[in-house]
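The values are calculated or read from the model by the stated rules, or taken from the named source; none is laboratory data. What you see is a predicted model; the values in this text were computed from it and never measured. Cβ atoms come from the backbone with ideal geometry, glycine included; neighbour counts cover every protein chain shown.
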Amino acid sequence: MKPVLAITRRLPADIEARAHASYDVRRNEGDKPLKRDEILALAQDADAILVSVGDPIDGAFFKALPQRVKIIATFSVGTDHIDLAAAAQKGVIIGNTPGVLTDATADITWLLMLGAARRAGEGEAEIRTASWRGWRPTHMIGTHVSGKKLGIIGMGRIGQAVAKRARGFDMEVHYFNRKRLPADQENGAIYHDSIDAMLPHCQFLSLHCPSTAQTRGMVNAAFLQKLPKGAILVNTARGDVVDDADVIAALKSGELAAAGLDVFAGEPNIAPAYRDLPNTFLLPHLGSATAETRTAMGTRALDNIDACMAGAEVPFRVTV
Ligand code: DGY
């Protein structure tokens, strides 16, 4: 008999085919986000669960989870939707998909940075609404990216890939990370031992830190005041790292010239003001959305489950 695998969202076809070959699959056919109770119902006879970004795998979930479930593999590198301490207490293994989102997310960071700086959203809207009045010297003026100073918070794989691209734009890269990188990995990036020390240098600021008790709401009014006036904020990390009301106020006052955002607190229900502001360039959490990356994420997620079911070491195991 095949082990039972509950899958909370539809996955790339090749990944679903692989899952069906090895498991008796319980699938969320409608692909709508499931509530806690609906995931529990889907997983009532499961040995493993494959979850995704935004699924509420919290303390109450683990309390109600049948003991039979051995592993929860998330189709994501981020694990902020999972209560890792509750998982450990229940003895459930957690796996994630690190390493395969790096280039896709770094690329989209650049799309956001360039889009925000060069007013790409406004420009595209003008063409789509047939309101373009033709080339003129004062039309839709943005700001240079090349040669500017970029600050990066979180110099893990993605932060480093963003820094690598910044070198191609002759940017001066500053970074804050919990640990300084070894000299041979810094590639000229300037380390700051506190975020406060780095912020005054950041004409652009890109967030690449996880959502944790320390980072939630970190980008608030006091934080934003330390940036140079007219800085540009880019977020491909997690929406709740920023305080929406404070970022919106800074975008309205011009303290921030623009923001490029791929992630939002409470997504898909984003703070409506973001939509109304002309100086935001917005994407619907597409950081990892390439065919190559999504297949690689699914492969990692299933590798984690296969290893657990075989009693082997889970290759991408997350611990508290
Ligand atoms: C992740 O894997 O955590 C990403 O946010 C998905 O794009």
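If you go through region 12-30 one residue at a time, do you hit one that is touching a residue at least 24 places away in the same chain (Cβ under 8 Å), on the phi > 0 side of the Ramachandran plot, within 16 Å of the ligand (Cβ to nearest atom) and not assigned by TED's automatic domain parsing to the domain that holds Gln160?
no
If you check Glu16, Glu38, which single one turns out to be within 18 Å of Thr295 (Cα to Cα), of a type in the set (D, E, K, R) and not in a loop (DSSP other than H, G, I, E, B)?
On the way: Glu38 fails: within 18 Å of Thr295 (Cα to Cα).
Residue meeting the stated conditions: Glu16.
Is there a residue in region 92-104 that is of a type in the set (Gly, Ala, Ser) and either away from the ligand (no atom under 16 Å from the Cβ) or over 29 Å from Pro284 (Cβ atoms) (or both)?
Looking only at region 92-104, we keep the residues that are of a type in the set (Gly, Ala, Ser), and these are 95, 99, 104.
Add one more test, that the residue is either away from the ligand (no atom under 16 Å from the Cβ) or over 29 Å from Pro284 (Cβ atoms) (or both), and what stays is none.
No: zero hits.
Any idea which residue in region 252-269 is farthest from the ligand (Cβ to nearest atom), counting only those that are within 15 Å of the chain's Cα centre (by Cα) and buried (at least 17 other Cβ atoms within 10 Å of the Cβ)?
The extreme case among them is Gly260.
Take region 81-91 and flag every residue that is surrounded by 17 or more Cβ atoms within 10 Å (Cβ to Cβ) and either within 8 Å of the ligand (Cβ to nearest atom) or more than 13 Å from the chain's Cα centre (by Cα) (or both).
So in region 81-91, the residues surrounded by 17 or more Cβ atoms within 10 Å (Cβ to Cβ) come out as 81-83, 86-87.
Passing the criteria: Ile82, Asp83, Ala86, Ala87.
Please go through region 92-108 and pick out each residue that is surrounded by fewer than 23 Cβ atoms within 10 Å (Cβ to Cβ) and of a type in the set (S, T, N, Q).
Residues satisfying the conditions are Asn96, Thr102.
Six or more apart or on different chains, Cβ under 8 Å: which pairs go from a residue in region 58-75 that's closer than 18 Å to Asn96 by Cα to one that's among the polar types (S, T, N, Q) and away from the ligand (no atom under 16 Å from the Cβ)? Could you list them?
Taking only residues 6 or more apart or on different chains, the pairs are Phe62/Gln89.
Taking the stated definitions as given, is His144 in contact with a helix residue (DSSP H, G or I) (Cβ under 8 Å, 6 or more places away or on another chain), surrounded by 14 or more Cβ atoms within 10 Å (Cβ to Cβ) and not acidic (Asp, Glu)?
Numbers: in contact with a helix residue (DSSP H, G or I) (Cβ under 8 Å, 6 or more places away or on another chain): yes; surrounded by 14 or more Cβ atoms within 10 Å (Cβ to Cβ): no; not acidic (Asp, Glu): yes.
So His144 fails the test.
In region 109-121, which residue that is surrounded by fewer than 23 Cβ atoms within 10 Å (Cβ to Cβ) and either assigned to a helix (DSSP H, G or I) or within 18 Å of the chain's Cα centre (by Cα) (or both) is nearest to the ligand (Cβ to nearest atom)? Write out each step before concluding.
The initial filter retains those residues of region 109-121 that are surrounded by fewer than 23 Cβ atoms within 10 Å (Cβ to Cβ), namely 110-111, 114, 117-121.
Add one more test, that the residue is either assigned to a helix (DSSP H, G or I) or within 18 Å of the chain's Cα centre (by Cα) (or both), and what stays is 110-111, 114, 117, 120-121.
Details: Trp110: 16, Leu111: 14, Leu114: 20, Ala117: 23, Ala120: 21, Gly121: 20 Å.
Applying the filter and picking the extreme gives Leu111.
Can you run down the residue pairs with Cβ atoms below 7 Å, 6 or more apart or on separate chains, where the first is in region 81-104 and farther than 13 Å from Val314 by Cβ and of a type in the set (A, V, I, L, M) and the partner is within 11 Å of the ligand (Cβ to nearest atom) and not in a helix (DSSP H, G or I)?
Listed pairs, sorted by first residue: Ile82/Thr74; Leu101/Val77; Leu101/Gly287; Leu101/Ser288; Ala104/Gly287; Ala104/Ser288; Ala104/Thr290.
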